[in-house]
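Only one structure is covered here, and it is reproduced in the block below.
The values are calculated or read from the model by the stated rules, or taken from the named source; none is laboratory data. Because the structure is a prediction, the values reported are computed rather than measured. Here the Cβ positions follow ideal geometry from the backbone for every residue, glycine too, while neighbour counts run over all protein chains shown. The area values use the complete protein model at the heavy-atom level, side chains included, leaving out ligands, DNA and RNA. Shrake-Rupley method; radii C 1.70, N 1.55, O 1.52, S 1.80 Å.
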Amino acid sequence: MNKSFVLPQCTIRRATQDDFAPLFALEVAAHAHPWADEVLRSMLNATAIRAWLVEDTNKNILGFTFVQAVADEASLLNIAVSPQHQGLGLGRLLLNHLIDVLTQEGVAQSIFLEVRVSNYNAIHLYDSCGFVEIGQRREYYLADNNKREDALMMALPLQISFS
């Protein structure tokens with residue numbers, strides 16, 4: 001398939017419970033081992049978790065992200081872009097949006113995440129946005145054929161304190 005590398009005209013907004021059905025469909029399409037529907041629904045209802053989505057001018061949801069900010073740390077829980085829109089910069093757009101919001105609101109000094117060691121595209125995105133590898137979790141993710149896959153742990157400092 002020949003992809004255009006022009007970022008589609010889109011909008012980022014907070015996700016709500018009304019977005020559950022299309023978010024869950026995107027979750028299933030984008031991940032080999034998606035969250036269960038009850039997990040996604042509970043994340044949308046949780047007060048400590050923020051969810052944003054990116055949609056096109058026709059209100060089609062193209063991607064989303066979930067982040068939890070507790071104390072002075074944020075955890076990127078999930079980020080997904082529809083398979084037909086991957087490679088267009090939407091993941092970077094969502095990631096930069098959440099970094100900007102967390103920085104402006106001052107709710108976190110760092111963002112942490114885990115990523116499958118085999119997810120080279122995501123690792124490249126995180127590297128290019130300033131995340132650094134801080135460790136590894138052995139057999140963290142469920143993989144095919146009832147096996148497990150390691151996760152890289154990555155972090156991005158948002159604020160530098162000189163106290």
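Tabulated data
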quantity	calculated
Unmet criterion (only one of (1) in contact (Cβ under 8 Å) with a residue 60 or more places away in the chain; (2) touching a Ser or Thr at 6+ places or on another chain (Cβ under 9 Å)) for His33	(2)
Count of residues meeting criterion [open to solvent by 60 Å² or more (accessible area, probe 1.4 Å) and closer than 21 Å to Ile123 by Cβ] in segment 89-105	2
Failed item in (1) of a type in the set (Ser, Thr, Tyr); (2) in a helix (DSSP H, G or I); (3) over 16 Å from Leu156 (Cα atoms), with Thr103 passing the rest	(3)
Selected residue (criterion: most open to solvent (accessible area, probe 1.4 Å)) from residues of segment 106-145 that are farther than 21 Å from His31 by Cα and in contact with a helix residue (DSSP H, G or I) (Cβ under 7 Å, 6 or more places away or on another chain)	Cys129
Cβ-Cβ under 8 Å pairs, at least 6 apart or on other chains, segment 91-108 side under 14 Å from Val54 (Cβ atoms), far side part of a helix (DSSP H, G or I) and aliphatic (A, V, I, L, M)	Gly91/Ala122; Gly91/Leu125; Arg92/Leu125; Leu95/Leu125
Any chance Leu62 is more than 10 Å from the chain's Cα centre (by Cα), farther than 17 Å from Met153 by Cα and part of a strand (DSSP E or B)	yes
